[in-house]
1. Anyone know which of 359, 309, 347 comes out most mobile in the 10 Å Cα GNM of the chain?
2. Suppose R0 equals 56 Å. What FRET efficiency, 1/(1 + (r/R0)^6) with r the Cβ-Cβ distance, do residue 354 and residue 302 give to the nearest 0.05?
3. As I understand it, the dipole of the chain uses +1 on the Cβ of Lys and Arg and -1 on the Cβ of Asp and Glu, about the Cα centre. Which of 193, 316, 82 lies farthest toward its positive end?
4. From the P(r) of the range 260-407, can you give the percent of Cα pairs sitting at distances over 24 Å?
5. For the range 258-413, what is the percent of antiparallel DSSP beta bridges, rounded to the nearest 5?
6. Percent of Cα-Cα pairs more than 25 Å apart in the range 108-265, please.
7. If you find the alpha carbon centre of the range 315-337 and of the range 132-191, how far apart are they in angstrom?
8. Label-point separation (nm) for residue 213 and residue 177, each offset 7 Å from Cα along Cα-to-Cβ?
Amino acid sequence: MKAVKIADGIHCLPVNLESYQLFEGMWPMPHGISINAYVVEGDKTALIDLIEDTDDKPADFQDELHSIPLNERTIDYLVINHMEPDHTSWLPKLIEENPNLQIYLTKKAAGVLKSFFGIEKNLHLVGTGDSLDLGQGKVLRFYETPNIHWPETMMTFEESSGVLFSCDAFGSYGTLDGVYFDDQLSAEQQVFFHNEALRYYANIVASFSTFVIKGIETLSGLDLKVIAPSHGIIWRENPQAIIDSYTHFASYMNGPAEPEITLIWSSMYGNTGKVVDSIIEGVRSTGMTLHVHRVPEDHVGIILASAWRSSGIIIGMPTYEYEMFPPMAWVLDMFRRKKVWNKKVLRFGSAGWSGGAQRELDRLTEKLKWEFVEPIEWFGAPGAEEKARAKSQSQALVQLVRDQYFSDTPEKG
Ligand code: FEO
């Protein structure tokens with residue numbers, strides 16, 4: 001791949017990680033992800049963020065770098081917006097090639113840099129409002145945006161072009177292959193990248209939604225013309241679109257999210273599974289959008305995106321050895337970690353011979369601000385009564401979702 005020109009003297013160097021890798025060692029990426037570094041050239045040349053040192057990606061990166069007609073081949077500066085290794089693990093090798101490289105980063109990032117790589121030389125600590133003048137009108141100004149996505153994170157704004165290098169913020173899953181900008185997307189690709197942005201957000205950023213809102217406020221005074229994230233599409237025609245998407249995604253934490261239901265169900269011997277059709281029938285009879293996932297067949301990384309966007313969650317889960325069915329416990333614990341808060345919830349499931357799943361669920365979700373409708377639980381196999389209640393309780397949940405959604409957003413009523 002060649003470098004992608006964004007503006008005079010500004011290029012993107014995207015490399016793609018393919019779908020067989022797990023992002024952060026745990027998140028499936030069925031459509032891969034791009035890692036975008038950037039080059040800004042004035043009299044001096046700066047790299048903004050780097051790439052992961054994996055497979056042949058550094059070679060791809062070098063090829064892209066050499067495709068830019070730089071006046072000088074020397075890289076003078078590196079700006080580190082964020083220390084996570086997907087953007088920094090190749091840094092020791094870059095320093096071997098450029099021992100005089102001057103590095104600009106926040107004070108917290110310097111601490112992380114030392115602990116990850118033992119690097120302490122040629123560091124320049126910067127904070128909000130500090131700048132780096134590259135000459136020829138190119139000025140990089142820095143804005144600390146902690147916890148999007150780690151505590152040390154900042155963003156970098158090139159003032160003459162209005163390009164914001166936002167690192168993880170405003171990013172998405174999905175590789176870049178011939179299409180790099182929002183104005184190049186077909187209608188189908190727009191939907192694709194919106195969904196990939198949501199899943200990326202739910203997996204990576206969701207826990208820090210409060211900081212996303214603060215970060216967006218920090219940027220509100222800038223004359224933004226382009227948003228250039230370190231993952232996914234570059235937004236040059238309508239940068240406000242991805243800001244609006246992220247504002248929406250962040251708002252889901254406190255609710256209401258979308259007026260949709262996510263059903264997540266599991267079953268050991270089919271007794272909990274026998275009620276699933278009645279649940280689906282109940283929700284579909286109302287016309288509300290329903291997302292269905294089975295556990296453990298579906299990965300929690302995929303389920304998180306549906307759950308994050310849905311105001312209502314239905315949990316089909318049997319008791320297992322006096323507690324929650326373990327694969328479902330893993331999903332629900334991830335909901336706790338990722339702050340899947342403020343949901344309307346129904347649970348159904350077999351109590352086995354003892355019950356216990358509901359008790360553990362109540363304990364686990366104490367701090368999630370979930371509002372439950374009365375659960376449906378039975379010993380052994382379900383009968384006609386449980387199936388009928390499953391249908392009516394699903395409809396009751398839909399009504400609760402609608403009541404909340406249209407009371408909080410009356411303009412949509
Ligand atoms: Fe793309 Fe938080 O690293």
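1. Judging by the Gaussian network model, the answer is 359.
2. Numbers: r = 31 Å, r/R0 = 0.56.
That gives a FRET efficiency of 0.95.
3. The residue sitting farthest along the positive end of the dipole is 316.
4. 22
5. Antiparallel: roughly 10 percent of the beta bridges in the range 258-413.
6. 36
7. Measuring centre to centre over Cα atoms gives 38 Å.
8. About 3.9 nm separates the two model spin labels.
The values are calculated or read from the model by the stated rules, or taken from the named source; none is laboratory data. As the structure is a computational prediction, the values presented were derived from the model and not from experiment. Backbone-built Cβ (ideal geometry, glycine too); neighbour counts: all protein chains shown. What goes into the accessible areas is simple: the full protein's heavy atoms, side chains included, and nothing from ligands, DNA or RNA. Shrake-Rupley method; radii C 1.70, N 1.55, O 1.52, S 1.80 Å.
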